[in-house]
Number of protein chains: 2
Amino acid sequence: MSLITVGTMAFDAIETPFGKTDKIVGGSAVYVAYAASNFVKPVQQISIVGFDFPKEEMEELRNRGVHLDGVEIVKDKKSFFWSGRYHEDMNSRDTLITDLNVLADFDPKVPDSYQGSEFLMLGNLHPKTQLNVIQELRQRPRLIAMDTMNYWMESAMPELRIVLKYVDMLIINDAEARQLTGLFSLVRAAKAILQMGPKYLIIKKGEHGALLFHDDEVFFAPALPLEDVFDPTGAGDTFAGGFMGHLAKSGDISFDNMKRAIIVGSAMASFCVEKFGPTRLKEVTKEEIDARIQQFKNLVSFEMELV
Amino acid sequence: MSLITVGTMAFDAIETPFGKTDKIVGGSAVYVAYAASNFVKPVQQISIVGFDFPKEEMEELRNRGVHLDGVEIVKDKKSFFWSGRYHEDMNSRDTLITDLNVLADFDPKVPDSYQGSEFLMLGNLHPKTQLNVIQELRQRPRLIAMDTMNYWMESAMPELRIVLKYVDMLIINDAEARQLTGLFSLVRAAKAILQMGPKYLIIKKGEHGALLFHDDEVFFAPALPLEDVFDPTGAGDTFAGGFMGHLAKSGDISFDNMKRAIIVGSAMASFCVEKFGPTRLKEVTKEEIDARIQQFKNLVSFEMELV
């Protein structure tokens, strides 16, 4: 099976209570690719970069089975740049700089070589851009998942409501679920969102784990209790990459397999936050991933006979 | 086995986004007793009430196997009264009124008939009062658990540090764990608290579940995702009552059985929040409890072969 991922490839400058980095590779599609390529090949990347995006990073991605035919390189512009500072609780951050650069002209095309892919992950982009990608696919993927954010709810809600009707799964955080529905209770918000189009919904709660909703079923995956969250940048995209990577590897989109996939996504996210940017994702081994998944199992497993 | 519970028996006035009650029975020992008596008999209550505490409530507790020999009745004073208003997120609240009344003179005595009890739950009281109860016991219980709060950390920290050396388990919320240690990371805070005396620590995170720490082990129990939290008053004490009730019923204080106990506590707390005060706890049946525990199992269980 193969997985198409559409999103940004960028530079980030990040400040956390633990340290600071001036310029590190980032972007949603980068995190998705590094996470998913542990499980499925090829990962088929659709993105846009400027002249300044490092060739070594492209090479590293290629070595991991990431196809880059869908990555447009703009010779006379810079790559997307984001800068932010995290608060002590790491759940909130201030955006300091957003330089769109090449992203202002992003009009993603699906290369012929990507046609027929079974899984599609639409990163956080303008809903119109997300819809364009779906409509460029000659064969509908078995599972289309998408991310979005408060910015699009405020500036492009009608378009967002449309693209929601075309996807199978929405992956957002708790604040976004509340904003999208105007409902404080996440259970009520989930019910409302499952009426908007997606059959599956994941609500990410950062250090408090993630909830998966489908029909009347709900599954909860904890986040791993960590001594320190060094840098949460990209954790949500890494989660999505691990989740979709596991599904695409197995080709099984049953609810039971989605439970496994959400644990895999949580495990990958727990690595992501250990170092700046995608640094840790580039080092992580299969043995480490398996051990981390076992930790999640131990964290929540209990045996109980009801008598 | 039997369980001694020391704490308040009181009246509460509660305001939530869903409604308001002017005067309802409450207090930590009341919630612990209603929760624990589903699992273990006798529950041996140590508390103090005024002339106004309802005889029918005493009768109802007795009918559930709760011993009241340790409950002092003061003929010329009123019972402890607390009034509070919850914010929309239900995780924060404003205290409007605290009338200590009889509680100002509370000097708990352990009746002879309670001596030899194997389990002791010390509700949130002055650390000196908690220590007095421990020292009145001629035989040390197999497991002593205690609750505390920010107020005692600010006003009686030296005494709190002493009583912590005498207990096996501390049960507090995330904000309290952070305040007690000055550490933001709950994992680091847990390590620090396990150096202060208790061998076991439960950190309650409200709607985000609860963590159990012991040595290098950690277990996580989610909270049940609910459409509405009607009234969170007493949920923490109900959790403790279910937890200790399960342990006392089985007499098994292994870490594996504590995992089951924390699920039982979470299940009982999920009932507590469905109605004002202890109302729901008085109605709940064994069948409902078993079904709720099964819901918790379904919420987090996944099968995964690592290949």
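Where a number appears in this text, it was derived from the coordinates with a stated rule and is not lab data. These figures come from a predicted structure and were not determined experimentally. A quick note on method: Cβ atoms are made from the backbone with ideal geometry, for glycine too, and the neighbour counts reach across all protein chains shown.
Numbers below:
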{"quantity": "Residue within segment B:89-104 that is within 14 Å of chain A (Cβ to nearest Cβ), of a type outside the set (Val, Ile, Thr), assigned to a strand (DSSP E or B) and under 24 Å from B:ILE14 (Cα atoms) present", "calculated": "no"}
{"quantity": "Test: residue in segment B:14-24 that is touching a helix residue (DSSP H, G or I) at 6+ places or on another chain (Cβ under 9 Å), buried (at least 24 other Cβ atoms within 10 Å of the Cβ) and at negative phi", "calculated": "no"}
{"quantity": "Single unsatisfied condition, B:GLU57 versus (1) in contact (Cβ under 8 Å) with a residue 12 or more places away in the chain; (2) assigned to a strand (DSSP E or B)", "calculated": "(2)"}
{"quantity": "Residue match in segment A:187-196 (condition: crowded, with 16+ Cβ neighbours inside 10 Å and basic (Lys, Arg))", "calculated": "yes"}
{"quantity": "Residue, farthest from B:TYR86 (Cα to Cα), within segment B:255-285, restricted to residues that are at the interface with chain A (Cβ under 9 Å from one of its Cβ atoms) and among the charged types (D, E, K, R)", "calculated": "B:ASP256"}
{"quantity": "Given (1) facing another protein chain (nearest Cβ under 8 Å); (2) surrounded by fewer than 17 Cβ atoms within 10 Å (Cβ to Cβ); (3) of a type outside the set (Val, Ile, Thr); (4) touching a strand residue (DSSP E or B) at 6+ places or on another chain (Cβ under 7 Å), index of the condition B:LYS199 fails", "calculated": "(1)"}
{"quantity": "Where a residue in segment A:188-217 is at positive phi and its partner, wherever it lies, is of a type in the set (Val, Ile, Thr), with Cβ under 7 Å and at least six apart", "calculated": "A:GLY197/A:VAL167"}
{"quantity": "Verdict on B:ALA189 being in contact with a Ser or Thr (Cβ under 8 Å, 6 or more places away or on another chain), more than 9 Å from chain A (Cβ to nearest Cβ) and small (Gly, Ala, Ser)", "calculated": "yes"}
{"quantity": "Residues of segment A:105-117 that turn out to be surrounded by fewer than 20 Cβ atoms within 10 Å (Cβ to Cβ) and part of a helix (DSSP H, G or I), as a count", "calculated": "3"}
{"quantity": "Lone qualifier among A:VAL40, A:VAL30 - being under 16 Å from the mean Cα position of the chain (by Cα) and either of a type in the set (Asp, Glu) or farther than 22 Å from A:ILE172 by Cβ (or both)", "calculated": "A:VAL40"}
{"quantity": "Some residue of segment A:209-223 being under 26 Å from A:ARG161 (Cβ atoms) and part of a helix (DSSP H, G or I)", "calculated": "no"}
{"quantity": "Selected residue [assigned to a loop (DSSP other than H, G, I, E, B), closer than 24 Å to A:ALA35 by Cα and under 17 Å from the mean Cα position of the chain (by Cα)] from A:THR129, A:THR148", "calculated": "A:THR148"}
{"quantity": "Cβ pairs under 7 Å, 6+ apart, first in segment B:139-157 and of a type in the set (D, E, K, R), second assigned to a loop (DSSP other than H, G, I, E, B)", "calculated": "B:ARG142/B:GLU118; B:ARG142/B:ILE253; B:ASP147/B:GLY123; B:ASP147/B:ASN124"}
{"quantity": "Exclusive hit being of a type in the set (Val, Ile, Thr) and farther than 20 Å from A:LEU306 by Cβ, set B:THR279, B:THR285, B:THR238", "calculated": "B:THR279"}
{"quantity": "Close pairs from segment A:286-307: first over 14 Å from B:GLU217 (Cα atoms) and more than 9 Å from chain B (Cβ to nearest Cβ), partner among the hydroxyl-bearing types (Ser, Thr, Tyr) and surrounded by 12 or more Cβ atoms within 10 Å (Cβ to Cβ), Cβ under 7 Å, at least 6 apart", "calculated": "A:ARG292/A:SER270"}
{"quantity": "Top-ranked residue of segment A:264-288 - restricted to ones that are out of contact with any helix residue (DSSP H, G or I) (no Cβ under 6 Å at 6 or more places or on another chain) and of a type outside the set (Ser, Thr, Tyr), ranked as surrounded by the most Cβ atoms within 10 Å (Cβ to Cβ)", "calculated": "A:GLY277"}
{"quantity": "Members of segment A:210-226 found to be within 10 Å of another protein chain (Cβ to nearest Cβ) and touching a Gly at 6+ places or on another chain (Cβ under 8 Å), listed by number", "calculated": "A:PHE220, A:ALA221, A:PRO222, A:ALA223"}
{"quantity": "B:LEU120, sole failed condition from (1) surrounded by fewer than 21 Cβ atoms within 10 Å (Cβ to Cβ); (2) under 19 Å from the mean Cα position of the chain (by Cα); (3) away from every other protein chain (no Cβ under 14 Å); (4) more than 16 Å from B:ILE193 (Cβ to Cβ)", "calculated": "(1)"}
{"quantity": "Of all residues making up segment A:132-145, the number that are over 17 Å from A:ILE48 (Cβ atoms) and part of a helix (DSSP H, G or I)", "calculated": "2"}
{"quantity": "Matching residues, segment B:162-176, being under 27 Å from B:GLU118 (Cβ atoms), within 19 Å of the chain's Cα centre (by Cα) and not acidic (Asp, Glu)", "calculated": "B:VAL163, B:LEU164, B:TYR166, B:VAL167, B:MET169, B:LEU170, B:ILE171, B:ILE172, B:ASN173"}
{"quantity": "Candidates B:LEU164, B:LEU170, B:LEU183, filtered to the one that is without any contact (Cβ under 8 Å) to a residue 24 or more places away in the chain and buried (at least 17 other Cβ atoms within 10 Å of the Cβ)", "calculated": "B:LEU183"}
{"quantity": "The listed residue being under 17 Å from A:VAL218 (Cβ atoms) and buried (at least 24 other Cβ atoms within 10 Å of the Cβ), out of B:ALA210, B:ALA261, B:ALA221", "calculated": "B:ALA221"}
{"quantity": "Yes/no for B:ALA235 being surrounded by 20 or more Cβ atoms within 10 Å (Cβ to Cβ), in contact with a Cys (Cβ under 9 Å, 6 or more places away or on another chain), in contact (Cβ under 8 Å) with a residue 24 or more places away in the chain and more than 9 Å from chain A (Cβ to nearest Cβ)", "calculated": "yes"}
{"quantity": "Selection within segment B:61-82 - in a loop (DSSP other than H, G, I, E, B) and touching a strand residue (DSSP E or B) at 6+ places or on another chain (Cβ under 6 Å)", "calculated": "B:SER79"}
